[in-house]
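Some notes on the structure that comes next.
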Amino acid sequence: MGKLYERIDGRIRTFIENQPVFFTATAPLAAGGHVNLSPKGRAGTLVVLDEMTLAYLDFGGSSAETVAHVRENGRITLMWCAFSGPPKVLRVHGEGEAVFRDDPRWAGLIMRFKDAGVDGPSARAIVVVHARRISDSCGFAVPFMEYQEERTQHAEHFARKTDEEFAAYCEKKGTVGVSLDGLPALPLPLPMRTD
(Lines give C-alpha, C1' and ligand atoms only; values in the text may rest on other atoms or scores of the structure.)
Protein backbone atom coordinates (compact mmCIF):
# COMPACT_ATOMS: atom_id res chain seq x y z
CA MET A 1 0.00 0.00 0.00
CA GLY A 2 1.47 3.35 -1.03
CA LYS A 3 2.13 6.12 1.43
CA LEU A 4 2.69 9.88 1.23
CA TYR A 5 5.51 11.50 3.19
CA GLU A 6 5.82 15.08 4.35
CA ARG A 7 9.60 15.20 4.07
CA ILE A 8 12.75 13.29 3.19
CA ASP A 9 13.98 12.09 6.56
CA GLY A 10 14.63 8.94 8.56
CA ARG A 11 13.99 5.74 6.62
CA ILE A 12 13.15 7.60 3.40
CA ARG A 13 16.48 9.42 3.38
CA THR A 14 18.35 6.21 4.22
CA PHE A 15 16.54 4.36 1.42
CA ILE A 16 17.49 7.06 -1.12
CA GLU A 17 21.11 7.16 0.00
CA ASN A 18 21.46 3.37 -0.15
CA GLN A 19 20.25 2.91 -3.75
CA PRO A 20 23.01 2.57 -6.39
CA VAL A 21 20.77 3.85 -9.20
CA PHE A 22 17.89 6.28 -9.64
CA PHE A 23 15.86 7.55 -12.57
CA THR A 24 14.84 11.03 -13.69
CA ALA A 25 11.74 11.80 -15.75
CA THR A 26 10.98 15.14 -17.43
CA ALA A 27 9.00 16.44 -20.39
CA PRO A 28 8.59 19.67 -22.34
CA LEU A 29 5.33 21.60 -22.29
CA ALA A 30 4.65 20.90 -25.98
CA ALA A 31 2.23 18.00 -26.43
CA GLY A 32 4.34 16.52 -29.22
CA GLY A 33 7.64 16.91 -27.36
CA HIS A 34 9.89 14.07 -26.29
CA VAL A 35 9.45 12.69 -22.77
CA ASN A 36 12.83 11.95 -21.23
CA LEU A 37 13.65 9.14 -18.80
CA SER A 38 17.26 8.70 -17.69
CA PRO A 39 19.08 6.28 -15.38
CA LYS A 40 21.60 7.89 -13.03
CA GLY A 41 24.33 6.22 -11.05
CA ARG A 42 27.85 6.75 -9.77
CA ALA A 43 28.27 6.78 -6.03
CA GLY A 44 28.27 10.20 -4.41
CA THR A 45 26.54 12.01 -7.30
CA LEU A 46 23.18 12.47 -5.53
CA VAL A 47 22.83 14.25 -2.20
CA VAL A 48 19.93 15.07 0.08
CA LEU A 49 20.44 18.77 0.84
CA ASP A 50 17.62 19.02 3.38
CA GLU A 51 14.24 17.45 4.14
CA MET A 52 12.67 18.85 0.96
CA THR A 53 15.61 19.25 -1.43
CA LEU A 54 17.90 16.91 -3.37
CA ALA A 55 20.61 17.60 -5.91
CA TYR A 56 22.54 15.51 -8.39
CA LEU A 57 25.45 16.06 -10.76
CA ASP A 58 24.66 16.35 -14.45
CA PHE A 59 27.63 14.93 -16.35
CA GLY A 60 28.87 15.10 -19.90
CA GLY A 61 28.53 12.09 -22.11
CA SER A 62 24.85 12.33 -22.92
CA SER A 63 22.29 14.79 -24.22
CA ALA A 64 20.90 17.56 -22.03
CA GLU A 65 17.16 16.80 -22.18
CA THR A 66 16.63 16.97 -18.42
CA VAL A 67 18.38 20.34 -18.18
CA ALA A 68 16.34 21.71 -21.10
CA HIS A 69 13.05 20.55 -19.60
CA VAL A 70 13.70 21.93 -16.11
CA ARG A 71 14.80 25.22 -17.67
CA GLU A 72 11.53 25.41 -19.58
CA ASN A 73 9.02 24.25 -16.96
CA GLY A 74 10.74 22.89 -13.84
CA ARG A 75 8.77 19.61 -13.74
CA ILE A 76 10.82 16.59 -12.69
CA THR A 77 10.29 13.24 -11.01
CA LEU A 78 13.04 11.18 -9.38
CA MET A 79 12.45 7.46 -8.79
CA TRP A 80 14.28 4.75 -6.86
CA CYS A 81 13.55 1.01 -6.86
CA ALA A 82 14.62 -1.52 -4.25
CA PHE A 83 16.38 -4.26 -6.18
CA SER A 84 17.30 -5.98 -2.88
CA GLY A 85 15.66 -6.10 0.53
CA PRO A 86 12.00 -5.24 1.11
CA PRO A 87 10.11 -4.21 -2.05
CA LYS A 88 9.70 -0.46 -2.50
CA VAL A 89 9.43 2.14 -5.25
CA LEU A 90 9.92 5.73 -4.11
CA ARG A 91 9.11 8.84 -6.14
CA VAL A 92 9.87 12.47 -5.50
CA HIS A 93 7.81 14.76 -7.72
CA GLY A 94 9.23 18.22 -7.69
CA GLU A 95 10.41 21.40 -9.26
CA GLY A 96 13.90 21.25 -10.69
CA GLU A 97 16.42 23.89 -11.57
CA ALA A 98 19.77 23.63 -13.30
CA VAL A 99 22.66 25.37 -11.57
CA PHE A 100 25.42 26.08 -14.08
CA ARG A 101 29.13 26.52 -13.48
CA ASP A 102 28.94 30.32 -13.58
CA ASP A 103 26.11 30.48 -11.01
CA PRO A 104 27.23 31.97 -7.65
CA ARG A 105 25.75 28.88 -5.91
CA TRP A 106 27.98 26.47 -7.87
CA ALA A 107 30.98 26.55 -5.51
CA GLY A 108 28.88 25.84 -2.41
CA LEU A 109 26.86 23.08 -4.06
CA ILE A 110 29.75 21.28 -5.75
CA MET A 111 31.39 20.86 -2.34
CA ARG A 112 28.46 18.62 -1.33
CA PHE A 113 29.62 16.04 -3.88
CA LYS A 114 33.11 15.38 -2.53
CA ASP A 115 32.28 11.65 -2.29
CA ALA A 116 31.80 11.49 -6.08
CA GLY A 117 35.54 11.53 -6.67
CA VAL A 118 37.51 13.71 -9.01
CA ASP A 119 37.02 13.10 -12.71
CA GLY A 120 38.16 16.32 -14.30
CA PRO A 121 35.68 18.79 -15.74
CA SER A 122 32.74 16.55 -16.65
CA ALA A 123 30.23 17.99 -14.16
CA ARG A 124 28.43 20.44 -16.44
CA ALA A 125 25.48 21.33 -14.17
CA ILE A 126 23.92 20.51 -10.82
CA VAL A 127 20.21 19.70 -10.92
CA VAL A 128 18.49 20.82 -7.70
CA VAL A 129 15.08 19.29 -7.01
CA HIS A 130 12.62 20.89 -4.59
CA ALA A 131 10.20 18.16 -3.51
CA ARG A 132 6.47 18.79 -3.92
CA ARG A 133 5.22 15.23 -3.41
CA ILE A 134 7.05 12.29 -1.83
CA SER A 135 5.42 8.87 -2.08
CA ASP A 136 6.17 5.19 -2.22
CA SER A 137 4.46 2.14 -3.65
CA CYS A 138 4.85 -1.57 -3.07
CA GLY A 139 7.44 -2.54 -5.67
CA PHE A 140 6.19 -6.15 -5.63
CA ALA A 141 6.82 -6.51 -9.39
CA VAL A 142 10.40 -5.16 -9.27
CA PRO A 143 12.82 -8.09 -9.58
CA PHE A 144 15.68 -8.85 -7.23
CA MET A 145 18.97 -7.89 -8.82
CA GLU A 146 22.44 -8.07 -7.37
CA TYR A 147 24.60 -4.96 -7.32
CA GLN A 148 28.17 -5.84 -8.22
CA GLU A 149 30.22 -2.66 -8.47
CA GLU A 150 30.48 0.82 -9.96
CA ARG A 151 31.44 1.18 -13.59
CA THR A 152 34.57 3.31 -13.86
CA GLN A 153 34.72 4.08 -17.60
CA HIS A 154 32.89 7.42 -17.41
CA ALA A 155 35.06 8.88 -14.65
CA GLU A 156 38.25 7.55 -16.22
CA HIS A 157 37.38 8.91 -19.69
CA PHE A 158 36.55 12.43 -18.55
CA ALA A 159 39.41 12.57 -16.01
CA ARG A 160 41.76 12.66 -19.01
CA LYS A 161 40.18 15.85 -20.41
CA THR A 162 41.09 19.40 -19.50
CA ASP A 163 38.29 21.89 -18.91
CA GLU A 164 38.97 23.37 -22.36
CA GLU A 165 38.82 19.94 -24.03
CA PHE A 166 35.56 19.16 -22.25
CA ALA A 167 34.04 22.48 -23.36
CA ALA A 168 35.02 21.70 -26.96
CA TYR A 169 33.52 18.20 -26.63
CA CYS A 170 30.20 19.70 -25.44
CA GLU A 171 30.09 22.20 -28.31
CA LYS A 172 30.48 19.40 -30.88
CA LYS A 173 27.51 17.41 -29.56
CA GLY A 174 24.24 18.44 -31.19
CA THR A 175 21.99 17.77 -28.17
CA VAL A 176 23.91 19.62 -25.47
CA GLY A 177 23.13 23.26 -26.33
CA VAL A 178 19.56 22.45 -27.37
CA SER A 179 17.17 19.58 -26.66
CA LEU A 180 15.69 17.19 -29.21
CA ASP A 181 12.74 19.60 -29.40
CA GLY A 182 14.90 22.71 -29.85
CA LEU A 183 14.69 23.98 -26.25
CA PRO A 184 17.72 25.76 -24.72
CA ALA A 185 19.76 23.27 -22.69
CA LEU A 186 23.33 23.89 -21.50
CA PRO A 187 24.85 27.31 -22.07
CA LEU A 188 27.50 27.16 -24.77
CA PRO A 189 30.31 27.86 -24.73
CA LEU A 190 30.29 25.92 -21.48
CA PRO A 191 31.40 28.17 -18.59
CA MET A 192 34.76 27.17 -17.14
CA ARG A 193 34.80 25.68 -13.64
CA THR A 194 35.91 28.00 -10.88
CA ASP A 195 35.95 25.52 -7.97
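The values are calculated or read from the model by the stated rules, or taken from the named source; none is laboratory data. Nothing here was measured: the structure is a model prediction, and the numbers come from that model. All Cβ positions, glycine included, derive from the backbone under ideal geometry; neighbour counts span all protein chains shown. In case anyone asks, the SASA skips ligands and DNA or RNA and just uses the protein heavy atoms, side chains included. Shrake-Rupley method; radii C 1.70, N 1.55, O 1.52, S 1.80 Å.
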Less than 14 Å Cβ to Cβ from Leu37, Lys/Arg counted +1 and Asp/Glu -1: what total charge do the surrounding residues give?
+2
May I ask for the angle, rounded to the nearest 10°, between helix 163-172 and the longest principal axis of the chain, with both axes built from Cα atoms and the value confined to 0 to 90°?
80 degrees
Rounded to two decimals, what ratio of Rg to Rh does the stretch 11-52 give with C-alpha atoms and a Kirkwood Rh?
1.10
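Suppose the chain between Asp163 and Ala141 were pulled fully straight at 0.36 nm per residue; how much longer would it get relative to their current alpha carbon spacing?
Working: separation 22, 0.36 × 22 = 7.92 nm, distance 4.34 nm.
So the extension gain works out to 3.6 nm.
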Give me the lysines in straight-line cross-link reach of Lys172: C-alpha distance below 30 Å, same-chain residues under 8 apart excluded.
Lys40, Lys114, Lys161
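At a 1.4 Å probe, what is the % contribution of carbon and sulfur to the accessible area of the chain?
On the way: 5770 of 10450 Å².
Roughly 55 percent of what the probe reaches on the chain is carbon or sulfur.
Students often check this: by mean Cβ neighbours within 10 Å, which of 16-27, 151-162, 87-98 ranks highest, and how do the rest follow?
Numbers: 16-27: 17.2, 151-162: 13.2, 87-98: 19.5.
Top of the packing list down: 87-98, 16-27, 151-162.
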So what's the convex hull volume per residue for the Cα atoms of the stretch 57-195, in Å³?
136 Å³
Would you give the gap between the C-alpha center of the stretch 146-195 and the C-alpha center of the stretch 1-78, rounded to a whole Å?
18 Å
Whole number in Å², please: accessible area per residue of the chain, 1.4 Å probe, ligands, DNA and RNA not counted.
54 Å²
I want to check the label-to-label distance for Glu95 and Ser38. Put each point 7 Å from Cα in the C-beta direction and report it in nm to one decimal.
2.1 nm
